[in-house]
Amino acid sequence: MSNLLLGRTILLTRPYQEALLDKKLVEKNQGNTLLVPLIDTTYIQNNKELEILSNLDAYSWIIFTSKNAAMYTMNVLEKKHLLNWLRKINIAAIGTKTSSYIEEKGFEVAFTPQSFKADEFVKEFPFEKMVGQRVLFPQGNLARNVVMNSFKQQKIECDQWILYHTIKPETSDKKLLHALQSEALDVITFASPSAVNNFVEIVKDVPILFQQVRNGNWLIVSIGPTTSDELSIHGLPVHIESSIHTMAEMVEEIAGFYMGQN
């Protein structure tokens with residue numbers, strides 16, 4: 001345990017249960033936290049779900065671009081007593097968090113790109129070996145279409161399966177504005193583009209606060225390049241981008257930043 005974050009207050013914006021885990025990471029470094037979840041996810045039964053589940057043997061690959069996509073897929077398969085199907089299929093995953101979750105559940109990941117960006121997945125994936133094969137692509141309603149479109153361009157049949165919606169918690173607005181008006185806040189963390197978008201939607205209605213964020217009044221920390229890109233689109237600075245795209249690494253790099261100031 002170190003005291004590198006002693007006296008520092010970190011705003012955590014992931015869904016509540018995940019933010020509780022992040023809170024422990026900060027507290028190991030003697031830091032304080034404010035939990036303001038800016039996103040949450042909820043399962044939604046897609047009208048294609050029955051058709052997909054009835055034809056699982058038609059697929060050669062399944063692509064997971066997030067831990068949530070893997071989690072919701074496994075939940076549905078388990079309820080239908082179809083979870084073992086994942087042992088018969090090639091699994092591709094983007095990101096350490098996604099791959100680790102799949103492997104922790106006892107399944108093998110056949111392909112993961114060196115980069116955590118969907119654009120790099122497209123460059124590295126062995127499309128040439130997939131002629132005549134079919135791909136299942138579970139995702140959330142706000143997922144980008146980069147991967148989906150790449151399969152279409154390669155004339156590989158790829159079925160989209162929308163499993164969950166990303167939403168903004170009802171209590172986020174008041175909690176976030178109160179946190180930003182607190183003199184104690186030092187750091188704002190973002191772990192997804194959706195969190196960035198919800199943050200901007202809330203804060204832009206208070207121009208003075210929004211300008212203070214743009215001016216860098218708080219240290220802004222991003223989990224990775226896709227989230228950083230979204231921050232930049234809205235004119236918000238990125239003071240730290242985690243080199244390894246996990247919350248544990250983010251907290252370590254925040255601690256390292258303050259150590260460098262001492």
- Note on the structure: With DSSP loop assignment and no more than 10 other C-beta atoms within 10 Å, the trypsin sites (Lys or Arg not before Pro) in region 48-118 are LYS88
- Within the chain, helix-based [θ] at 222 nm, where runs of 4 or more DSSP H residues each add -39,500 (n - 2.57), nearest 500: -12000 deg cm²/dmol
- Enumerate the amide H contacts of LEU11 below 5 Å, restricted to partners 5 or more residues apart or on another chain; note that Pro and chain-start residues carry no placed amide H. LEU34, ASP186, VAL187, ILE188, THR189
- Distant-in-sequence amide H partners of TRP161 (H built 1.01 Å from N, under 5 Å): PHE137, GLN139
- Item | Span from the region 89-142 Cα centroid across to the region 183-255 one, whole angstrom | 27
- Message: I need the semi-axes of the equivalent ellipsoid of the chain: take the C-alpha gyration tensor, multiply each eigenvalue by 5, square-root it, list largest first in whole angstrom.
- Response: 36, 19, 18
- Query: For region 7-84, what mean projected area does the convex hull of the alpha carbons give, in nm²?
  - Reply: 7.0
- For region 42-167, the Debye formula with one identical point scatterer on each Cα and no solvent gives log10 I(q)/I(0) at q = 0.11, 0.16, 0.17, 0.18 Å⁻¹ as -0.33, -0.74, -0.85, -0.96
- About the Cα centre of region 42-167, how large is the charge dipole given +1 on each Lys and Arg Cβ and -1 on each Asp and Glu Cβ? Please answer in debye to the nearest 20. 100
- Query: Which whole DSSP H helices in the chain pass both tests: a Cα extent of 20 Å or more along the axis and a mean Kyte-Doolittle value no lower than -1.0?
  - Reply: 247-261
- Query: From the residues ALA110, THR226, GLN261, which one has its Cα farthest along the dipole of the chain in the positive direction, the dipole being from +1 and -1 charges on Cβ of Lys/Arg and Asp/Glu about the Cα centre?
  - Reply: ALA110
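Given +1 on the Cβ of Lys and Arg, -1 on the Cβ of Asp and Glu, and no further charges, what dipole in debye does the chain carry about its Cα centre, rounded to the nearest 20? Could the numbers behind the result be given before it?
Working: 25 positive and 29 negative charges, 70 e Å.
Around 340 debye, computed over the chain.
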- Message: Using alpha carbons only, how many angstrom separate the centre of region 27-86 from the centre of region 1-20?
- Response: 26
- Item | Loop sites in region 144-217: GluC sites (Glu not before Pro), DSSP, at most 12 other Cβ within 10 Å | GLU170, GLU183
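A short reminder: the numbers here are calculations on the coordinates, not readings from a lab. Just so we're clear, the structure is a prediction, and the values are computed from it rather than from any experiment. Cβ: placed from backbone, ideal geometry, glycine included. Neighbour counts: every protein chain shown.
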